[in-house]
Amino acid sequence: MHIHICKGQHEDVDLLGKLYDELNDYLESHINYPGWKKGVYPTRSNALYFYQRSSLYVVKSGDRVVGSIALTHEPESSYENATWLIEASYDQLFVIHLFAVHPDWFRQGVGSALLQFSETQASIQNIKSIRLDVYEKNYVAIQAYEKQGYTYIDKVDIGASCYGLDLFCLYEKLIL
């Protein structure tokens, strides 16, 4: 499969809403490692938020949107107390949000391509590192991040305990 990643367009927002609903339906009937909930996260409104900030990217296969990622300079407030690999202001860093792949495209390299795309964009924009958080029991994603060279930093509460998601692992990858 050829993986095409491009800047998200307004018409992609509705398609992402559908993707997220289908992904959450899938997770509800399988092991839900990320702990996502339909109507809570991820949603169309999340896609719209990042689209409006010009930070949304999508993976397309034909006319379908099959994955997404947002690259911002907006950390969660809980990031401030972590001891990161590099000290830098957030305008020099990327934070990954809304990293999702449609279940029909699991294990086809879409997630790896999105992470590689993030690193390429970081290099082009002279970004010093990429940071992200992942639910502590999302073993599949943790393994993927570590395989891609992300370094574990700390566990923090990002305020999702009302959804049963108490702690999140922080990861960082330096861009050389």
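The single condition among (1) closer than 21 Å to Gln148 by Cα; (2) in contact with a Ser or Thr (Cβ under 6 Å, 6 or more places away or on another chain); (3) of a type in the set (S, T, N, Q) that Gln108 does not satisfy is (2). In segment 63-70 there is no residue that is touching a residue at least 24 places away in the same chain (Cβ under 8 Å), touching a Gly at 6+ places or on another chain (Cβ under 6 Å), assigned to a strand (DSSP E or B) and within 20 Å of Gln148 (Cβ to Cβ). Would you confirm, using the coordinates I've provided, whether Lys147 is out of contact with any strand residue (DSSP E or B) (no Cβ under 8 Å at 6 or more places or on another chain), basic (Lys, Arg) and touching a residue at least 40 places away in the same chain (Cβ under 8 Å)? So Lys147 fails the test. For segment 108-163, filtered to residues that are assigned to a loop (DSSP other than H, G, I, E, B) and among the aliphatic types (A, V, I, L, M), the residue that is modelled with the highest pLDDT is Ile127. Of all positions in segment 166-174, at least one carries a residue that is outside any strand (DSSP E or B), aliphatic (A, V, I, L, M) and surrounded by fewer than 18 Cβ atoms within 10 Å (Cβ to Cβ). Residues considered: Tyr20, Tyr90. Of these, the only one that is more than 20 Å from Ser129 (Cβ to Cβ) and surrounded by 12 or more Cβ atoms within 10 Å (Cβ to Cβ) is Tyr20.
The values are calculated or read from the model by the stated rules, or taken from the named source; none is laboratory data. Because the structure is predicted, anything quoted here is derived from the model rather than measured. Cβ atoms come from the backbone with ideal geometry, glycine included; neighbour counts cover every protein chain shown.
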